[in-house]
Amino acid sequence: MTASSTPLTATDGTDLLLWVALPYICLAVFVVGHVWRYRKHQFGWTSRTSQLLEHRWLRWGSPLFHLGAFAVIAGHVVGLAVPGSWTAAVGISEHTYHTVAVALGSVAGAAMVGGLGMLSARRLLAPRIRTRTSSSDKLLFPLLAATVLLGIAATVVHNIAGGGYDYRATVSVWFRGLFLLRPRPDAVSGAPLLFQLHALTACLLFAAWPFTRLVHVWSAPVGYLRRPYLVYRRTTDPTAYRRNVAARTRRFSEQCEREVHHERA
C-alpha cells in the first residue's frame, strides 16, 4: 500500500467551510458545552443506566460496544496523531502498519457495531426503555451509528475490497493541522467521499457530545478499585424483600421519568 499521489490543490470557500470552520466550531461547542453542562446540569452528568428496566440485551451489548469503542479510539489516536514517518523510524513499514490496522480495526469495528446494534434494538424493542428514551438519545444513537458505519464502510471499500488508501497522507495531515493551528483543508478535500463523510459526522458527534450521555466518559469510576466491598445479607422475610425491590424499582422509574421530562422541557 502506497501513499496517495494526488497533489494537494488550492482550497475554495466550500473546503474552508467544511474542513476549517466546521471543525473549529464543533471543537468550541465541545469545550464550552462541557463547561456549561458541568456548571449548570451536574445532576444529569450520568450514563442514565436503565439496567433495572432491562438487562438481557444490556448484558451483551454494553461490554461489546465499550470494548470495541476503546479499541477503535486507540486505533484512531495512533492513525491520526502519529505521523507515518514515526512508525517508519521504529521499523514498521507502511504495508505492515496498514495490514495490522485493518485486521485489528475490523475486529474492533465488528464488536462495536454488534454492541451498538444490540443497544439500539433494546431502545426500539423494549417498551419500558423506548418510552424513557430522551431527546438527546434520539440524536446520539443515529449520529453515533452513522459515524461508525461510515468508518467501517471506508475501510471495507478502500482498504479491504479496494487497492488500499493511505489516509495518513491526507486525513491525518488535516487532523493534526487543526490542533497545531495550521489547518490544511487541501489535505482532506481530495480524500475519498467515505472518509470525508466519516470525518464530518465525527465532528458533529463531538459537537453533540456535551449534551448527551457521552459525558460519563469523563467520570470513570477510578475510586471503585479501592472502594471497600459491599456486604449483602439475605432477608429472612421474602415478602419484605420483594416489597423493598419493588419500591426501589418504582423510585428509579419515577426518577427516570422526571429526568426525561426535564430534558424535554
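A few comments on the model shown:
- Under the convention that each Lys and Arg Cβ holds +1 and each Asp and Glu Cβ holds -1, the size of the dipole of the chain around its Cα centre is about 1840 debye.
- Ordering of 89-97, 23-31, 144-152 by packing [mean C-beta count within 10 Å, highest first]: 144-152, 23-31, 89-97
- Across all Cα atoms of the range 103-144, the radius of gyration (one decimal) and Dmax (whole number) stand at 12.3, 39 Å.
- By the beta carbon rule, with partners counted only under 4.7 Å, the chain holds these lone Cys residues: C256.
- Fluctuation leader among R130, R168, R226 - the chain, Gaussian network, Cα springs under 10 angstrom: R226
- Estimated from the Cβ-Cβ distance and a Förster radius of 51 angstrom, the FRET efficiency linking S85 and T239 is about 0.15.
- Whole-percent pair-distance distribution, where bins are 5 Å wide, for the alpha carbons of the range 64-123: 4, 19, 22, 20, 13, 10, 6, 3, 2, 0
- Solvent-accessible surface of the range 165-207, averaged per residue with a 1.4 angstrom probe and all protein chains in place: 42 square angstrom.
- Label positions at D15 and K40, each projected 7 Å from the Cα along the C-beta direction, are separated by 3.8 nm.
- Residues in the range 64-137 average 52 Å² of solvent-accessible surface per residue, probe 1.4 Å, ligands and nucleic acids excluded.
- Measuring nothing but protein heavy atoms, the accessible surface of the chain at 1.4 Å probe radius is 67 percent carbon and sulfur.
- When the charge dipole of the chain is built from unit charges on Cβ atoms (+1 for Lys and Arg, -1 for Asp and Glu) and taken about the Cα centre, the candidate among Y24, P183, F43 whose Cα reaches farthest toward its positive end is F43.
- Taking 0.36 nm per residue of separation and subtracting the Cα-Cα distance, full extension of the segment from S93 to R248 would add 50.1 nm.
- Look at the Cα gyration tensor of the range 169-210: its axes a ≥ b ≥ c give a/c of at least 1.5 with a/b at or below b/c, and that counts as oblate.
- Within a Gaussian network of the chain (alpha carbon springs, distance under 10 Å), most fluctuating of R123, R243, R251: R243
- Relative packing of 101-107, 255-261, which averages over residues the other C-beta atoms within 10 Å, highest first: 101-107, 255-261
- Packing rank of 41-50, 202-211, where each peptide gets the mean count of other beta carbons within 10 Å, highest leading: 202-211, 41-50
The values are calculated or read from the model by the stated rules, or taken from the named source; none is laboratory data. This is a predicted model, so every value here is computed, not measured. Don't worry about glycine lacking a Cβ; one is built from the backbone with ideal geometry, like all the others, and counts go over all protein chains shown. To get the accessible areas, we keep the full protein, side chains included, count just its heavy atoms, and leave off ligands, DNA and RNA. Shrake-Rupley method; radii C 1.70, N 1.55, O 1.52, S 1.80 Å.
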